[in-house]
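Student: Below you'll find the structure I mean.
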Amino acid sequence: NRLRVVTADTQAEPLAFADVHFRLRGEGQARRPKLHRFMLAASKYQHVPILDFPVKDAESIAEVLSTQTGAFYDQGIVKQIYDENLTRASVEEAIDQWRKELVDARSDDLLVVFIAGHGLAFENKYYFVPVSTKGPEELPSTGIGWDLLAKLADIGCKK
């Protein structure tokens, strides 16, 4: 449900508004919010300097978030894509699948997106660089652009 709160002077236009999201729950239907994790990390680059810690950092963050899952959240969907498995196609497939799986996500659920590795701006667009990308000229076809990651914005939970 969506409720819009508007403050106004009867003699003037509305002064401000804010959307408030809420879900009505009956007795016995309460559930804790879910914590969803989307982890992308690239260390083993083939054509640019190798990075030592992106995958280790992603695994450490995933471990910390796992401990919080039990305390504050129920386990949600976890997607981890690292190194050789990290391609534009694999990320696009994961995002499309997530958008279907999380169509009923609640506003109090939380989606954490963690990205570690090389990034590069090319032709005024920013890309996360997969390990197999050979050079900037390949980024429009192999890179993971922010326009692809922006598809996560449609999921109806906190990010």
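The values are calculated or read from the model by the stated rules, or taken from the named source; none is laboratory data. Note that the structure is predicted; figures quoted are calculated from it, not measured. Cβ coordinates were reconstructed from backbone atoms using ideal geometry, including for glycine residues, and neighbour counts include every protein chain displayed. We work out accessible area using only protein heavy atoms, side chains counted, and drop any ligands, DNA or RNA first. Shrake-Rupley method; radii C 1.70, N 1.55, O 1.52, S 1.80 Å.
Student: For the list (1) among the polar types (S, T, N, Q); (2) modelled with pLDDT of 90 or more; (3) open to solvent by 50 Å² or more (accessible area, probe 1.4 Å), I need the number of the one condition that S43 fails.
Tutor: (3)
Student: Based on this model, can you work out whether G117 counts as open to solvent by less than 40 Å² (accessible area, probe 1.4 Å), modelled with pLDDT under 95 and out of contact with any Gly (no Cβ under 9 Å at 6 or more places or on another chain)?
Tutor: Here the answer is no, as G117 does not meet what is asked.
Student: Determine, yes or no, whether I95 is in contact with a strand residue (DSSP E or B) (Cβ under 7 Å, 6 or more places away or on another chain) and crowded, with 19+ Cβ neighbours inside 10 Å.
Tutor: Against the criterion (in contact with a strand residue (DSSP E or B) (Cβ under 7 Å, 6 or more places away or on another chain) and crowded, with 19+ Cβ neighbours inside 10 Å), I95 does not qualify.
Student: Which numbered condition in (1) at pLDDT below 95; (2) buried (at least 17 other Cβ atoms within 10 Å of the Cβ) is the only one that G70 fails?
Tutor: Status for G70: all satisfied but (2).
Student: Just give me the residues in region 81-113 being part of a strand (DSSP E or B), touching a helix residue (DSSP H, G or I) at 6+ places or on another chain (Cβ under 8 Å) and hydrophobic (A, V, I, L, M, F, W, C), in sequence order.
Tutor: Start the filter on region 81-113 by keeping residues that are part of a strand (DSSP E or B), which leaves 81-82, 110-113.
Among the residues that remain, those that are also touching a helix residue (DSSP H, G or I) at 6+ places or on another chain (Cβ under 8 Å) are: 81-82, 111-113.
Once the filter is applied, which keeps residues that are part of a strand (DSSP E or B), touching a helix residue (DSSP H, G or I) at 6+ places or on another chain (Cβ under 8 Å) and hydrophobic (A, V, I, L, M, F, W, C), region 81-113 yields I81, L111, V112, V113.
Student: Can you name the residue in region 37-53 that is in contact with a Leu (Cβ under 9 Å, 6 or more places away or on another chain) and not hydrophobic (A, V, I, L, M, F, W, C) and is also farthest from P130 (Cα to Cα) among such residues?
Tutor: Here the residue is R37.
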